[in-house]
Amino acid sequence: MEALDKFQQVVTERHQYAQEWKARTGGKVMGYLCTYVPEEVIYAAGILPVRIMGSHEPQDISEMHIYGMYCAHSRDCLAQGLKGEYSYLDGIITAHSCMHIRQTFDSWRRHIPITFSYYLYMPAHLVNPSARDCLTEELQALKQALEDWSGNTISTQALDHSIEIYNTNRRLMRQIYELRKRERPPISGAGSMEMVLASMFMDKEEHNYWLRSMLEELQQEKNGLEPGVRLMLIGSESDDLGFLHLTESLGANLVIDDHCTGSRYFWNEIIPEEDRLAAIAQRYIQRPLCPQKDLVERRRLPHILQLVKDYKVHGAILIQQKFCDPHGYDLPVIKSLLKSHNIPTLELETDITIPVGQFRTRVEAFIEVLRQEIL
Amino acid sequence: MNTLQKYETKPLDCWQRMKELRKDYFLSMWKAKERGEPLILGGYAMLSSLSAGLGDCGIFGVGPYFSRIMRDRDLAIRCHEAAEVKGLAADTCATLRVSLGSALLDFHNRSPWGDMVVPDFCIDAHACEAQAKTSLMLSEHYGIPFFAVDIPIIPESRIEIGKNYLISQMHQAIEWMEKVTKKKYDDELLLEAVQNEWRSQVCWAKISDFQKAIPAPLDLKMFNSFTTLMVSAKHKKGTADWLQMLCDEVEDRVKNQIAAFAWERCRLLHEGLPPWYNKSIMKLPQKYGATFIGGRMMFAIHGAFEVAGDGAWKVAKTPTERGIVIKNRDDALNALAELYLIYTPMISSFLLSLKVEEQVKVAQGWKADGVIFILDRSCKGGAAHHVEQRLGLQNEGIPSMVYEGSSADPRELQEIQVLDHLESFLQSLGLTPLPLT
Ligand code: SF4
Ligand code: SF4
């Protein structure tokens, strides 16, 4: 499939893509560290937002800055910056999330030359009624800061255009995810993640073009993947495509997920309001919560359960970045929720690299048990 | 550093009063239900004034037995294991895990007379990831309602946005507490409590500041002992008055060169929470004439300071000292929001943007000869940026060492190795054991 090839290529050559975009458009590129960063506002300033990710290769360059007991993702991201992989970035931004990634942001700001760095406060208790006003004001301040730095005015029209492009992007990815409900999903879990990851690196307008073509093809796909054990992937940041390929090579289909390089990134759209920034704020408040934001209501639980039902999930892999405490607090509760609904779970802990042999054995055994249960 | 001088030393006169206060608070907590007063879980050393408008309350905090558990290694381990059986990983906050574990073991809420006392509700200030997450679990355990006050970690240039958010949540919290307890909230009591909370924090900052003196009038162990009052009772008049008494006494000690440690010739800072269950790390340096005079974190956690753009601290003034009159609920909540968002470096440094600079300024200002960092696997909030802080010190030529461990999980500390390492560090500072020991 041409679109999937394109996405794979962008994921592999993400830095080259951003550099070419920059050369072609003359625009600025902004690295962001958390999916709570409201990309729409950045995009409206004519800036390309790209998510900073790790490379899953062993490194020790971050040890001088972040203690090894913080999550591998936060250290791996910083390592990429220190190694100069992101030297083309004009700015970096993060939104208030966990302490791990906050260190990445601050160490980046301290040690890697950059002309713009911005910390957006994103309330932790997003469901609190006062969070909306707070976030809207934060977005106003961000808009101003971006205008001052880029020299571009972010007009209402520019915001509308950006919202439209981002909403289209989310709608198309959601439509593609819908197709994964089929007994024979037309796209694998790894392919779906490549699509989402590419969206984080690409100009969304271009990504939309490829998504449309992908959707059309997938809708017409008659065969799809072999029906089999249907798995859900739940967890902290987990963009290790190698692990997804490994799991699917063992005879299971990853049909849905709840993590930030998957559905949590695009699940809901912005509902238009007169105050554009308030509408954007509302979208981030309404999106499927990350554990750092789910403080009192446990809103994640009914959402996860709904996905389990909608996608006819047989079992869930709870994938946890080693040392990730926000997810560490939620996992026991999610596990017992799924257990009470007869959904078996397998817990795996990932580091910068994964222990392939060990994971293979455990995933294989898990799939085998599920297979016997289904039969 | 190698010259030997013996300073006069003596115990604190106000120590006994502190012990009485601690006992009073402990008893009033256990008696709260009997007296028909609300018993409140949570809080974690912030915004304790908020519940004052309900009248007398029992403040359960994170649980009254933390110190006892920390003195009993086996019990501490049993608490951790109980939480782990529930699925809580070993890298979650160990301090709070102990609390949850003791609840699961059914003694978190067992009074000294054997009654099981269930708190009425939980209210918690959430600045570090671990706080509301653990409080939620504890609230679910007890089946009680829970309110989280989300403390905004926001750059100073946009502090007004954060302040408005915090104030508005505190208004909600008051209404929520009225609903949950069916008690009328008394603003006068809130006003008084906020003044006390401010006074307590300013006093804490002053006693921290007195530690700049050579010899240091107090040591880190003493600060540890004072924290019990600060964690759940800094809004009480008794606490604020006692801290004032302590302040006066410490000032006197400085004037008269009364030391916490008679042979002080090397001054150390301990960064990150010290392992509560271990005494030898605090003690060993004394063999070399070195003493822990405090730490950035210990000063910052309860102290009210003005933080300058370069990370330097100055003891803050209370609203009254600044001529601000707190007349009503809005004023009180505004003063409380400012206390934590602007004047409490522990909170502002969760942003990390000045944490390195503050560390360097504290080491210089407090004339530290060395800084010891605990890389705490189970305190992600406090340990953040320790590695960067160490780099900052290195650039200024200030010696430092790190050791791995946990402030509240004894299984994480390799004591012998850490002591060896500490001893080598002290020797690398040019110290030799005191001839007298
Ligand atoms: S939420 Fe977890 S995986 Fe994500 S950056 Fe924080 S610690 Fe790492
Ligand atoms: S700062 Fe450390 S001790 Fe305090 S709640 Fe956070 S993790 Fe726990």
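Mean Kyte-Doolittle of at least -1.0 plus a Cα span of 30 Å or more along the axis: flag which DSSP H helices in chain A meet both, please.
Values: long enough: A:156-179 (34 Å, -0.73).
Helices passing the filter in chain A: A:156-179.
Given points 7 Å out from each Cα along the Cα-Cβ axis, report the A:E2 to B:Q244 separation in nanometres with one decimal.
Using points 7 Å along Cα→Cβ, the separation is 8.1 nm.
Chains B and A: what accessible area do they bury, summed, in square angstrom to the nearest 100, with a 1.4 Å probe?
4100
Within segment A:163-219, list the GluC sites (Glu not before Pro) lying in a DSSP loop whose Cβ has at most 13 other Cβ atoms in a 10 Å radius.
Working: sites: A:E164, A:E178, A:E183, A:E194, A:E205, A:E206, A:E216, A:E217; in loops: A:E183.
Taking segment A:163-219 and a limit of 13 other Cβ atoms within 10 Å, the loop GluC sites (Glu not before Pro) found are A:E183.
Once each part is reduced to its C-alpha centroid, what is the distance from segment A:157-196 to segment B:40-70 in angstrom?
Spelled out, the Cα-based centre of one part sits 47 Å from the other.
Leaving out ligands and nucleic acids, note down the accessible area per residue over segment B:8-428 with a 1.4 angstrom probe, in whole Å².
35
Enter the per residue convex hull volume of the protein assembly as shown, computed from alpha-carbon coordinates, in Å³ rounded to the nearest integer. Can you show the working numbers first?
Working: hull volume 130.5 nm³, N = 812.
Residue-normalised Cα hull volume stands at 161 Å³.
In segment B:87-114, what residues drop by 50 Å² or more of accessible area when the other protein chains are put back, versus the chain on its own? Use 1.4 Å, and skip ligands and nucleic acids.
Hits at the 50 Å² cut-off: B:D91.
Going by a 1.4 Å probe on protein heavy atoms, which residues of segment A:82-100 end up with at least 50 Å² less accessible surface in the whole assembly than in their chain alone?
Listed by number, the residues meeting the 50 Å² cut-off are A:M99.
As a test of the formula, what do you get for the protein assembly as shown when each DSSP H run with n ≥ 4 contributes -39,500 (n - 2.57) and the sum is divided by the residue count, at 222 nm and rounded to the nearest 500 deg cm²/dmol?
Computed ellipticity for the protein assembly as shown at 222 nm equals -15500 deg cm²/dmol.
Using a 1.4 angstrom probe on the protein heavy atoms only, could you order B:F146, B:F305 from most to least accessible area?
From most accessible down to least: B:F146, B:F305.
Give me the 1.4 Å probe accessible area per residue for chain A, excluding ligands and nucleic acids, in Å².
Result: 35 Å² per residue.
Under the rule of at least 5 residues apart or a separate chain, name every residue whose amide H is placed under 5 Å from the amide H of B:A260.
Counting only residues 5 or more places away or on other chains, the set is B:A216, B:L218.
Counting only protein heavy atoms and a 1.4 Å probe, tell me what percentage of segment B:8-428's accessible area is made up of carbon and sulfur. Please report the intermediate quantities before stating the final value.
Values: 7400 of 14640 Å².
After summing per-atom areas, the C and S share lands at 51 percent.
Grab the alpha carbons of chain B, take their convex hull, and tell me the volume per residue in Å³.
133
What whole number of Å gives the distance from the Cα centroid of segment B:381-398 to the Cα centroid of segment B:325-372?
Using only Cα atoms, the two centres lie 18 Å from each other.
Towards the positive end of the charge dipole of the protein assembly as shown, with charges on Cβ (+1 Lys, Arg; -1 Asp, Glu), say which of A:C260, B:A148, B:A103 has the farthest Cα.
Of the candidates, B:A103 comes out farthest on the positive side.
At q = 0.06, 0.11, 0.14 Å⁻¹, what is the log10 ratio I(q)/I(0) for chain A, with the Debye formula run over Cα points and no solvent?
Results for chain A at q = 0.06, 0.11, 0.14 Å⁻¹ read -0.21, -0.75, -1.28.
Return the carbon/sulfur percentage of the accessible area of chain A, one whole number, probe 1.4 Å, all protein chains in place.
After summing per-atom areas, the C and S share lands at 49 percent.
Once label points are set 7 Å from the Cα along Cα→Cβ at both A:T153 and A:Q19, what is their separation, rounded to one decimal in nm?
3.6
Pop out a list of residues from segment B:131-152 that are at least 10 Å² less accessible with all the protein chains around than in their chain alone; 1.4 Å probe, no ligands or nucleic acids counted.
In segment B:131-152, residues shielded by partner chains: B:A132, B:K133, B:T134, B:L136, B:M137, B:E140, B:F146, B:A148, B:D150, B:P152.
The values are calculated or read from the model by the stated rules, or taken from the named source; none is laboratory data. Model, not experiment: these values are computed from the prediction. Every residue, glycine as well, gets a Cβ built from its backbone with ideal geometry; the counts of neighbours run over all protein chains shown. The protein model used for the area step is the full one, side chains on, heavy atoms only, and it has no ligands, DNA or RNA in it. Shrake-Rupley method; radii C 1.70, N 1.55, O 1.52, S 1.80 Å.
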